[in-house]
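Throughout, read-outs are computed from the coordinates displayed, never taken from laboratory work. All values derive from a computational prediction rather than experimental measurement. Cβ coordinates were reconstructed from backbone atoms using ideal geometry, including for glycine residues, and neighbour counts include every protein chain displayed.
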Amino acid sequence: MKRIIITGFMFLIVLVAGCGNEDHLNIFHTTFQANSVAKDYTTRSTFYILLLTYDATYTSPTGAIDSNCLSITLPRDAKVGTYSAADSHVLVIYTDDSGIQYRSDSTGASLTLTITAWPGPGGYARGSYSGRLKSAGGADMVITDGLFEEWITN
């Protein structure tokens, strides 16, 4: 009986110690609803500087690159606050499982993205997003309950 209790206690210690965000090699993620379908995506790239913006890309658990992908682009001078798709360098692109892209910069799209934590390079960005994305053909993709957490590399 004591061995089971000790083993259970050791497992609990390992589990609690493994839940921190101390290592950017851990898998960070975004969760959201795409037309009322729950999505839980892992990261393929952290927020990194690309020209004048920060970009992070998330993929489905299968890791596909050309489908089931969500990309978030933030301004180079990102900080805690709320942004809309009309703001410079704020872009969310969702690519569904058939490869169709839905973008926040398409005509008729509307998106709100809130950054709740932005400590800068070497820290973890956190935030939320929701809105209506549009495809090139004009189809809607409604994104709700979006949450992200991601490492900022530079």
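When you count, for each residue, the other Cβ atoms within 10 Å and take the mean per peptide, how do 89-100, 29-40 rank with the highest first? Could the numbers behind the result be given before it?
Details: 89-100: 17.3, 29-40: 14.6.
Descending mean neighbour count gives 89-100, 29-40.
Only counting other Cβ atoms within 10 Å, I'd like L147, L50, L113 sorted with the fewest neighbours first. Walk me through the numbers before you get to the answer.
Details: L147 14, L50 11, L113 25.
Fewest to most other Cβ atoms nearby, the residues stand as L50, L147, L113.
Taking 0.36 nm per residue of separation and subtracting the Cα-Cα distance, full extension of the segment from S45 to D145 would add 33.8 nm.
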